[in-house]
Amino acid sequence: MNRQDFRFFNRLRVRWAEVDMQKIVFNGHYLMYLDTAMGEYWRVLALPYEEAMQQLGGDLYVKKASVEYHGSARYDDTLDIGLRCSRIGSSSIQFLGAIFRGEDLLITAELIYVYADPSTQTSRPVPDALRQVLLGYEAGESLLEVRTGSWQQLHEDAMKVRIEVFVEEQRIPLAMEQDPADEVSLHAVAYNRLGMPVATGRLLPAQAGVGRIGRMAVKRVLREAGIGSQVLQALTATAGERGDRAVRLHAQRSAEGFYASSGFAAQGDAFEEVGLPHIEMVRAV
């Protein structure tokens with residue numbers, strides 16, 4: 001197996017706690033590395049695992065996990081962990097995994113999951129919806145659709161995400177999270193292949209040629225998978241199409257780096273909004 005056979009879902013540096021007296025990684029840790037990469041695989045699919053499995057009516061259980069050792073990772077090595085879905089049977093899914101140090105192949109693995117009833121753990125056919133998500137990803141297809149529209153068209157799905165992120169996670173009072181600007185804004189909602197809303201944002205009417213983006217929210221378990229960037233891009237493109245010369249937003253300080261990576265620049269001093277530190281950021285359209 002070569003690096004080009006895989007997409008990579010995790011990079012880590014080996015630490016002392018993971019090595020034995022010979023300064024090589026304990027055998028069992030490689031399965032932990034692969035399991036961590038599997039979590040990233042689901043994130044890239046834009047599937048919040050627990051919710052997705054509830055919607056599909058089943059769950060995945062490990063049937064087999066085998067590892068073949070080609071070399072040893074040592075303390076302070078930087079490792080890349082790759083996975084690919086190689087086969088989908090009637091009720092089982094096979095993943096092949098590999099761990100590399102640079103171009104050196106250290107570990108190959110086979111992971112077989114069985115799709116089953118969560119209450120009885122008896123096998124079930126892999127749902128066609130899940131099958132199509134996996135096959136589509138491995139074929140390089142887009143797994144996300146960003147729809148834009150009015151509050152009347154998208155409010156139900158937008159609010160699902162906003163309540164989860166702002167009200168339940170960040171504990172912002174619902175009365176402060178909603179405002180009359182929703183009715184006059186253009187909204188964007190990102191949907192995964194199961195039709196689940198996973199991110200949202202809004203574009204307010206322009207003032208003096210400058211639009212304002214707000215209520216940007218991505219489900220917690222799917223952050224850092226590029227979903228927020230697609231919503232932001234859709235809103236910024238819409239601002240440009242209607243003739244805005246720039247867009248601005250109030251970024252939570254914890255998300256300042258995310259917006260900076262999309263071309264936004266901070267201006268002015270930090271301030272507090274809904275009890276959280278913010279900074280205004282602007283980019284030209």
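Just a few scattered comments:
- In the set (1) 1, 6, 12, 15, 18, 16, 13, 8, 5, 3, 2, 1, 0, 0; (2) 1, 6, 14, 18, 21, 18, 13, 7, 2, 0, 0; (3) 1, 5, 10, 13, 14, 13, 11, 11, 9, 7, 4, 1, 0, 0, the label that goes with P(r) over Cα pairs in 5 Å bins from 0, in percent computed for this structure is (3).
- Taken over the Cα atoms of the stretch 31-103, the convex hull encloses 116 Å³ per residue.
- The orientation-averaged projection of the convex hull spanning the C-alpha atoms of the stretch 145-284 amounts to 8.0 square nanometres.
- Per principal axis, descending, Cα span of the stretch 3-138 in whole Å: 45, 30, 23
- Packing rank of 89-98, 189-198, 122-131, where each peptide gets the mean count of other beta carbons within 10 Å, highest leading: 189-198, 89-98, 122-131
- At least 20 Å along the helix axis (C-alpha) and Kyte average at least -0.5, DSSP helices within the chain: 29-44, 227-241
- The phi-based Karplus calculation (6.51 cos²θ - 1.76 cosθ + 1.60; θ = phi - 60°) puts the 3J(HN,Hα) values of the stretch 112-126 at 10, 10, 10, 7, 8, 5, x, 7, 9, 6, 8, 5, 9, x, 4 Hz, whole numbers, x for Gly and Pro.
- Computed from the C-beta positions of Leu135 and Glu68, the FRET efficiency with R₀ = 35 Å rounds to 0.85.
- Normalised contact order of the chain, rounded percent, pairs of Cα under 8 Å and 6 or more residues apart: 13 percent
- Dipole axis of the chain (+1 Lys, Arg; -1 Asp, Glu on Cβ), positive-most option in Ala208, Thr236, Ser66: Ser66
Read-outs: derived from the displayed coordinates by stated rules, not from any lab. Since the model is a prediction, treat every value here as computed from it, not as a measurement. No Cβ is skipped: glycine too gets one built from the backbone with ideal geometry, and neighbour counts run over all protein chains shown.
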